[in-house]
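Reading through the structure tokens given below for one structure.
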Amino acid sequence: GKAPRVSYVCSNCGDGFSQWWGTCRGCQAVGTLTKFFPGAADCADADAEGSHHAGRSWIRQKSKEMVPKKLREVTKGFDQAGWRIPLPGTFGNEISRVLGGGVVPGSLVLVGGDPGVGKSTLMLQLASIVSEGSEDHGSAPVVYVSGEESIEQIANRADRMSIRSKDLYLYSSTDIEDILDKIQSLSPKALVVDSIQTVYLSAFAGSAGNQVQVRECTSALLSFAKMTNIPVFLIGHVTKTGDIAGPRVLEHIVDVVLYMEGERCLSHRLLRSVKNRFGSTDELGVFEMSEHGLQAVLNPSEMFLTEHDSDSEILAGLAVAVVLDGSRTFAIEVQALSVPGSPGQGKVVGTRSKRVEMIISVLMKQAGLKLHDNVIYLNVVSGFELTETAGDLAIAASICSSFLEFPIPNDIAFIGEIGLGGELRTVPRMDKRVMAIAKLGYRKCIVPKTSEKLLKPLDLDIQILPCNNLKEFINTVF
Ligand code: TYD
Ligand code: MG
């Protein structure tokens, strides 16, 4: 009907405006507004207002039937224990814990990670176990939609993974409206969409993967999940340093953000919850990629034992630091080599050499370590750049260990900043770091004495060894 009105859309955050601005009023980016003909989008609005295409109503929901409800009416017949969809088996338990105890009906879960890390594999397995159900919940349809692979390719993968769920449906499409129309009649127990970068809404400008499409498709899936109570798992590709699917806005729309990463050893995959409206974000799932898909790693401490060949001697000069990267926790290994020679010839890889020089000076002055005639080489293993002062203690520990030729048992981790007086200082998110390291299978953690009070109330499966200063620390460990 009416002529399309020209407006402007920000290519960064996807916000739309009726006039052009030099600086986007949504995200403050400069020069990102471009001309945009919303024509089709207006149609989507009209649909929701109750004209034709009732089936598309989740795209822009303005339902007049919806009214506020009394809490008591909502909770009536509300079964807390049976609210979440359980994920049985060891694999299911591992994901379940990361999700906060099962799948919440009507939730939109974003599963991010680098290309090739195993997101499609993880979600196909999840789709299979949700579909198979448990003893209390029988088998039910679950739809796995891929915009990246044909259904034959997915079936081939499922076959290699020995997935035989009789109610698992596969569908290959990139059109969100088509996907939601087709699956609604199946009223599945869950929906997987692989991936956000490949789907589009014809009502919006641009090709799949652009920021407006990413935002609008995610919003449409959210409305769909909320209206139908069908949980939706949305896969998103991210580069190592980038945020999920580029725009931060995506993380705000969804209920849960899971992040899958492969680290340290090639076959291990970690699943973290970065945001969770229904649970804690401190849980970590540990999986191993095999030729038959992902398997839960029941005893994560083995991850480290295999790395240091459990039969061979533990080397002196190795210490484990616990660092945060954004909202993610990493256990990383610091390796030091102290040999006779003239100081200043040493080399530092993977962390700031000025910081290492300071730590060496403090070790000499405040802990009495006779490092004067030694060259120190320091390497942060795995190519990780250690920038946090939380790693100071592990750096000091690795240097002490090499200098004293005393290997550190491989079940100890170190967290803490070192001050010029040799005192140990607490660092942000001590609780999160200690929880992550306990989950990874470490048995002991050296922390600054000042953190003891914070950590004591936590029910941790790890021994906390608080120290005031470097001298105390050396007496505790060596
Ligand atoms: P995939 O799930 O396709 O990753 P993503 O969706 O995150 O891009 O997994 C990719 C890698 O996983 C691929 O290199 C092959 C490997 N893989 C296995 O080792 N075993 C398996 O059973 C499967 C299905 C994949
Ligand atoms: Mg994939």
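Of the GluC sites (Glu not before Pro) found in the range 372-478, the ones in coil according to DSSP and having at most 14 other Cβ atoms within 10 Å of their Cβ are Glu385, Glu405.
Classify the range 313-362 from the C-alpha gyration tensor, please: rounded if a/c falls under 1.5, else prolate or oblate depending on whether a/b exceeds b/c. Oblate shape, in that a/c is at least 1.5 and b/c is the bigger or equal ratio.
Between the range 85-146 and the range 267-299, how far is it from one alpha carbon centroid to the other, in angstrom? If we compute the Cα centre of each part, the gap is 12 Å. The phi-based Karplus calculation (6.51 cos²θ - 1.76 cosθ + 1.60; θ = phi - 60°) puts the 3J(HN,Hα) values of the range 435-441 at 5, 5, 6, 5, 5, 7, x Hz, whole numbers, x for Gly and Pro. With K and R counted +1 and D and E -1, the other residues having a Cβ less than 11 Å from that of Asn379 yield a net charge of 0. Each Lys or Arg adds one and each Asp or Glu takes one away; over the other residues whose Cβ falls under 12 Å from the Cβ of Val232, this sums to 0. For the range 159-182, the residues whose backbone nitrogen is under 16 Å from a point 7 Å from the Cα of Glu291, taken along Cα to Cβ, are 159-163.
Taking 32 Å as the limit for the C-alpha separation, the pairs Lys70/Lys119; Lys70/Lys432; Lys182/Lys432; Lys275/Lys456 exceed it in the case of Lys70/Lys119; Lys70/Lys432; Lys182/Lys432.
Taking θ as phi - 60° and the Karplus parameters 6.51, -1.76 and 1.60, the scalar couplings of the range 419-429 work out to x, 5, x, x, 7, 8, 10, 6, 10, x, 6 Hz in sequence order, x denoting glycine and proline. With a ≥ b ≥ c taken as the square roots of the eigenvalues of the C-alpha gyration tensor of the range 87-298, please select rounded if a/c is under 1.5 and otherwise prolate if a/b is larger than b/c or oblate if it is not? Rounded, since a/c falls under 1.5.
Remark: the Cα gyration tensor places the range 369-478 in the prolate category, a/c being 1.5 or greater and a/b exceeding b/c. With each label modelled as a point 7 angstrom along the Cα→C-beta vector, the Phe406-His137 pair spans 5.3 nm. Of the GluC sites (Glu not before Pro) in the range 81-169, the ones in a loop by DSSP (not H, G, I, E or B) with at most 14 other beta carbons within 10 Å are Glu135. For the pair the range 148-177 and the range 439-469, the centres of their Cα atoms are 46 angstrom apart.
Contact order, relative form, for the range 304-477: 24 percent (alpha carbon pairs under 8 Å, 6 or more residues apart, mean separation divided by residue count).
Bear in mind these aren't lab numbers, they're just calculated from the coordinates by the rules spelled out. Worth saying up front: this structure is predicted, and the values here are computed from it rather than measured. FYI the Cβ positions are ideal-geometry reconstructions off the backbone, even for glycines, and counts take in every protein chain you see.
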